[in-house]
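**Student:** This is the structure, below, for whatever I ask next.
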Amino acid sequence: MTSLDVRSIEQEALDLTRELCRKPSVSAEERALGETADLVETMLTDSGFETRQLAVDSAPPAVYGELPGEGDATLLLYNHYDVQPVDPIELWESPPFEPTLRDGRLYARGTADNKSEIAARLATIRALREARGAPPLTIRWIIEGEEEVASPHFEAIVEQNVELFRADGCLWEGSGLALDGRPEIALGFKGNLAVKLDVQALSADAHSGAAAVLPSAAWRLHAALGSIRGADGSVRVQGFHDAVREPSVRAREAVAEQSPSVEDELREFFGVEDFVDGLTGLALRERLTFSPTCNICGLHTGYGGPGIKTVLPAHASAWMDFRLVPDQRPGEVFELIRRHLDAEGFSDVALTFLASAEPAATAPEDEFASRVIGVAERVIGKPPSIFPLAPASLPIVASLQRHVGVPGLSAPDNPVYGGSAAHAPNEHVRVADYAPAIEFTIAVLEELGR
């Protein structure tokens, strides 16, 4: 194994993270995407990659780079340069696009998800290239700008550039370390369906004194939402669970062998004492991994300022997402929800399709996955905690499987942990987590290059 100065790589990775996080690349708001793509491309070019920007209509540019290596093997890396909106801005303790180091943590929007991983990967590749003249294998890298809005154009990018994505395996956007120090490996991700419900009850807001005779958009929306999900948490949409595939024996074994600290992490980072339905232990981990979800992401109606405004809202909106498992399909679930609303008497409730992602995974017994899992255990010194299906979604996985057939996984090369507050105010990474991520990256590139 090549001997490298991990401390100097760590410092460069921190510097690169800061530079990337100064860009307010919020895809939901279409902010700074082109200029961030240019910065990413410059970083890759300066590191020896041959680069190009891949474009499809109405999409921000995706940056592609290729760096020839010593051996015959080829590895595909995936990342994204876009980030989530910063709302609510008043909860940030420092400006979200001014990277701030305090108490051993680097705070900025995009640090954990996932600009610090871009930085750690790039700094490590630069060090390997400087030490050896070339990395141990050819590296192909795609960094897109729409992951946080469900990668709506990634399918077209892959379909139009299939040969650029050919590889022996892919390291998707990565994971980190569990609370007990075990490396986390995600072999797949749930799918997602994001929708918006709208109720227009009046032509304009009314004085609340008229609530005795005028309909309320807020109560109407409340009733529609209550029809979708029962008070006991069950999804009441007929047919919603029909396509759910039974998990394999190996997948269940992997969950049984997971780090039990996932429960401790959820308690510590989110301040909960009791979980839904009193779940704990293996039952909790199985629900987290194998069950679809029905979630309200946001609600807006009437007045939300200080004091009170006695108003009867004319309009009410709700944003929902449904995490889906194999073999649920977002388009089919959308139609089921529409039919449910109509059948329940809510044909007046508008339902808008916002975004989607299909569930997809690599088999636990895959050779590429086994090699990466082995490296993680050797470098970290603890058995990996393997997620056959991570609770989040990664839309690009299904596209890569469908058009390229490349196996992949999320490995612990991202300096992130369960409390990093990705998607929330005060997003951050711990400086101490860069070193193990870098050490793993060095080792996995060496192993896959053999």
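The values are calculated or read from the model by the stated rules, or taken from the named source; none is laboratory data. What you see is a predicted model, and the numbers here were worked out from it, not measured in a lab. Please note: Cβ atoms are built from the backbone with ideal geometry, for glycine as well, and neighbour counts cover all protein chains shown. Accessible surface areas use protein heavy atoms only, side chains included; no ligands, DNA or RNA. Shrake-Rupley method; radii C 1.70, N 1.55, O 1.52, S 1.80 Å.
**Student:** Of the conditions (1) assigned to a strand (DSSP E or B); (2) β-branched (V, I, T); (3) open to solvent by less than 50 Å² (accessible area, probe 1.4 Å), T352 clears all except one; give me its number.
**Tutor:** The failed condition is (3).
**Student:** Within the range 227-237, track down each residue that is in a loop (DSSP other than H, G, I, E, B) and surrounded by 13 or more Cβ atoms within 10 Å (Cβ to Cβ).
**Tutor:** Once the filter is applied, which keeps residues that are in a loop (DSSP other than H, G, I, E, B) and surrounded by 13 or more Cβ atoms within 10 Å (Cβ to Cβ), the range 227-237 yields R236, V237.
**Student:** How many residues are of a type in the set (D, E, K, R) and either open to solvent by 20 Å² or more (accessible area, probe 1.4 Å) or more than 30 Å from E90 (Cα to Cα) (or both) when one looks only at the range 395-429?
**Tutor:** 2
**Student:** Just need a number here: residues in the range 187-215 that are in a strand (DSSP E or B), closer than 27 Å to E66 by Cα and open to solvent by less than 10 Å² (accessible area, probe 1.4 Å).
**Tutor:** Matching residues across the range 187-215 total 1.
**Student:** I've got another one for you. Between E10, E66, which is out of contact with any strand residue (DSSP E or B) (no Cβ under 7 Å at 6 or more places or on another chain) and either among the small types (G, A, S) or at pLDDT 95 or above (or both)?
**Tutor:** Of E10, E66, the one residue that is out of contact with any strand residue (DSSP E or B) (no Cβ under 7 Å at 6 or more places or on another chain) and either among the small types (G, A, S) or at pLDDT 95 or above (or both) is E10.
**Student:** For T36, which of the numbered conditions (1) farther than 20 Å from T111 by Cα; (2) open to solvent by less than 20 Å² (accessible area, probe 1.4 Å); (3) in a helix (DSSP H, G or I) fails to hold?
**Tutor:** (1)
**Student:** Let me ask something additional. Just to be sure I understand the filter: pairs with C-beta atoms under 8 Å, separated by 6 or more residues or on different chains, first member in the range 125-136 and closer than 11 Å to S47 by Cα, second member of a type in the set (F, W, Y). Which pairs pass?
**Tutor:** none
**Student:** May I pose another question? Can we say S385 is touching a Phe, Trp or Tyr at 6+ places or on another chain (Cβ under 9 Å) and polar (S, T, N, Q)?
**Tutor:** So S385 fails the test.
**Student:** I would also like to ask the following. Step by step: first the residues of the range 123-154, then only those that are part of a helix (DSSP H, G or I), open to solvent by less than 10 Å² (accessible area, probe 1.4 Å) and touching a helix residue (DSSP H, G or I) at 6+ places or on another chain (Cβ under 6 Å), then the one that is farthest from L67 (Cα to Cα). Which residue is that?
**Tutor:** The residue in question is F154.
**Student:** Which residues, counting only those in the range 388-407, are assigned to a loop (DSSP other than H, G, I, E, B) and more than 22 Å from A422 (Cβ to Cβ)?
**Tutor:** Those that are assigned to a loop (DSSP other than H, G, I, E, B) and more than 22 Å from A422 (Cβ to Cβ): V404, G405, V406, P407.
**Student:** Continuing with this model, one more query. Can you tell me which residue among A392, A360, A369 is touching a strand residue (DSSP E or B) at 6+ places or on another chain (Cβ under 8 Å), closer than 30 Å to V244 by Cα, open to solvent by 20 Å² or more (accessible area, probe 1.4 Å) and of a type in the set (G, A, S)?
**Tutor:** A392
**Student:** Separate question: Of A224, A119, which residue is under 26 Å from the mean Cα position of the chain (by Cα), of a type in the set (A, V, I, L, M, F, W, C) and not in a strand (DSSP E or B)?
**Tutor:** Going through A224, A119 in turn, just one is under 26 Å from the mean Cα position of the chain (by Cα), of a type in the set (A, V, I, L, M, F, W, C) and not in a strand (DSSP E or B): A119.
**Student:** Picking from R267, R323, R287, R339, which residue would you name as being basic (K, R), farther than 30 Å from D205 by Cβ and touching a Lys or Arg at 6+ places or on another chain (Cβ under 8 Å)?
**Tutor:** So the residue among R267, R323, R287, R339 that is basic (K, R), farther than 30 Å from D205 by Cβ and touching a Lys or Arg at 6+ places or on another chain (Cβ under 8 Å) is R323.
**Student:** Ok, one more. Name every residue in the range 83-117 that is surrounded by fewer than 24 Cβ atoms within 10 Å (Cβ to Cβ) and at positive phi, in order of residue number.
**Tutor:** D103, G104
**Student:** In the range 13-33, what count of residues is obtained for those that are open to solvent by less than 50 Å² (accessible area, probe 1.4 Å), closer than 15 Å to E144 by Cα and either in contact with a Cys (Cβ under 7 Å, 6 or more places away or on another chain) or assigned to a helix (DSSP H, G or I) (or both)?
**Tutor:** 3
**Student:** Search the range 58-72 for residues that are without any contact (Cβ under 8 Å) to a residue 24 or more places away in the chain and pair each with any residue that is assigned to a loop (DSSP other than H, G, I, E, B) and buried (at least 22 other Cβ atoms within 10 Å of the Cβ) when their beta-carbon atoms are under 7 Å apart and the residues are at least 6 apart or on different chains.
**Tutor:** Qualifying pairs under 7 Å: none.
**Student:** Still on this structure, I have one more. What pairs can you find where one residue is in the range 209-236 and without any contact (Cβ under 8 Å) to a residue 24 or more places away in the chain, the other is open to solvent by 30 Å² or more (accessible area, probe 1.4 Å), and their Cβ atoms are less than 6 Å apart, with a gap of 6+ or different chains?
**Tutor:** Once the first residue is without any contact (Cβ under 8 Å) to a residue 24 or more places away in the chain and sits in the range 209-236, its partners that are open to solvent by 30 Å² or more (accessible area, probe 1.4 Å) give P215/A201; G230/R236.
**Student:** Right, E10: among the acidic types (D, E) and open to solvent by less than 20 Å² (accessible area, probe 1.4 Å) or not?
**Tutor:** So E10 passes the test.
**Student:** Something else now. Within the range 28-81, which residues are among the hydroxyl-bearing types (S, T, Y) and under 24 Å from the mean Cα position of the chain (by Cα)?
**Tutor:** T36, S58, Y64, Y78, Y81
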